[in-house]
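Notes to accompany the following structure.
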Amino acid sequence: MSAIAALPYPWDLPTPDSGNTVALVMIDMQRDFIEEGGFGSMLGNQVSRLQACIPAAQQLLTAFRELGLPIIHTQEGHQPDLSDCPPSKRTRGNLTTGIGDSGPLGRILVLGEPGNDFVPALEPLPGEIILPKPGKGAFYNTPLQEILTQYQATHLILGGVTTEVCVQTTMREANDRGYDCLLVEDATESYFPEFKQATLEMVRAQGGIVGWTASAQTTIEGLKAHYGTL
Ligand code: TIU
């Protein structure tokens with residue numbers, strides 16, 4: 001039976017004595033995407049709708065912390081000299097204030113700027129991995145593969161923003177690298193509700209062509225049952 005009981009398919013989490021584990025990959029829960037004045041709002045999006053996924057993301061973080069399982073927080077951003085930002089990314093979009101320009105939250109999508117930090121409710125704790133990434137996918141130009149190998153992670157649980165951009169890109173990349181992936185439905189959000197819905201449906205279509213989806217509650221119940229704290 002699946003370790004996450006409500007899933008209609010097997011999603012067998014590694015047993016603790018196997019040496020393998022499941023990691024939480026929380027994608028880009030940054031002010032730049034979720035608060036006014038950052039990259040997301042400069043692109044013309046209604047950023048407040050992303051706040052809906054914060055409570056479930058918090059619940060996931062709490063559960064992983066309680067269970068002592070690895071947590072990785074990704075952070076989309078560029079070096080201050082923008083040497084890692086391709087011109088195609090700088091010039092595309094509805095931007096009046098673009099990547100590297102100064103906005104109300106500091107320089108847009110630049111590492112170390114106030115807007116590039118995590119939203120206060122989802123700040124990483126000491127010991128958790130913070131993974132800056134220049135692209136949409138979390139494997140591109142980052143040590144994510146090596147980090148997951150060190151943890152002996154075989155399974156990934158994903159949340160974060162935005163569902164069809166950075167979350168889906170990362171999930172597809174992870175799937176190709178052999179990770180068993182689960183996207184947590186209420187711990188992810190998009191500026192476009194129809195894109196979120198389509199993403200959830202397309203990842204689990206065809207018998208889980210990219211992975212599976214479940215609610216935070218189902219996921220956490222499954223994790224706690226599996227790792228023996230229920
Ligand atoms: N624009 C948009 O939907 N997303 C991004 O630019 N980055 C992430 O998804 N993190």
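Close amide H partners of LEU131, meaning residues 5 or more places away or on another chain with modelled amide H under 5 Å apart, are HIS73, THR74, GLN75. Annotation: per residue accessible area for the chain equals 43 Å², rounded to a whole number [probe 1.4 Å, protein chains only].
For segment 38-53, backbone phi angles converted through the Karplus equation (6.51, -1.76, 1.60; θ = phi - 60°) give residue-by-residue couplings of x, 4, x, 6, 5, 7, x, 8, 8, 6, 4, 5, 6, 4, 4, 8 Hz, Gly and Pro being listed as x.
Scanning residues 5 or more positions from CYS181 or on other chains, those with amide H under 5 Å from its amide H are LEU156, TRP212, with H placed 1.01 Å from N in the peptide plane. When you restrict to C-alpha pairs under 8 Å that are six or more residues apart and normalise by the size of segment 146-230, the relative contact order lands at 28 percent. When only Cα pairs below 8 angstrom with a gap of at least 6 residues are kept, the chain shows a relative contact order of 26 percent. The Cβ shell under 13 Å around ASP101 holds other residues with a net charge of 0, Lys and Arg each +1, Asp and Glu each -1. Solvent-accessible surface of protein heavy atoms, probed at 1.4 angstrom with all chains present, puts LEU105, LEU122 in the order LEU105, LEU122, largest first.
Carbon and sulfur atoms: what percent of the 1.4 Å accessible area of segment 65-109 do they account for?
Carbon plus sulfur share of accessible area: 47 percent.
The trypsin sites (Lys or Arg not before Pro) found in segment 42-112 that occupy coil by DSSP, while having at most 14 further C-beta atoms within 10 Å, are ARG92.
With the whole protein complex present, TYR179 retains an accessible surface near 20 Å², based on a 1.4 Å probe. What does the charge count around LEU200 come to, taking other residues whose C-beta lies under 12 Å from its C-beta (Lys +1, Arg +1, Asp -1, Glu -1)? Residues near LEU200 contribute -4 overall. The heavy atoms of THR15 present about 60 square angstrom of accessible area, all protein chains included, probe 1.4 Å.
The figure for GLU36 is an accessible area of roughly 130 square angstrom, using a 1.4 Å probe on the protein chains alone. Determine the sum of side-chain charges near PRO70: Lys and Arg each +1, Asp and Glu each -1, restricted to other residues whose C-beta is under 14 angstrom from that of PRO70. Its environment carries a net charge of -2.
The lysine pair count for the chain, using Cα distances under 24 Å and pairs eight or more places apart or on different chains, is 5.
Within the listed set SER48, SER88, SER215, the Gaussian network model of the chain (springs between alpha-carbon atoms below 10 Å) gives the highest mean-square fluctuation for SER88. Give the distance, in whole Å, between the Cα centre of segment 19-76 and the Cα centre of segment 158-185. Cα centroid to Cα centroid, the span is 13 Å.
The values are calculated or read from the model by the stated rules, or taken from the named source; none is laboratory data. If you're wondering where the values come from, they're calculated on a predicted model, not measured in any experiment. Positions of Cβ are generated from backbone atoms using ideal geometry, with glycine treated the same way; all protein chains shown enter the neighbour counts. The area values use the complete protein model at the heavy-atom level, side chains included, leaving out ligands, DNA and RNA. Shrake-Rupley method; radii C 1.70, N 1.55, O 1.52, S 1.80 Å.
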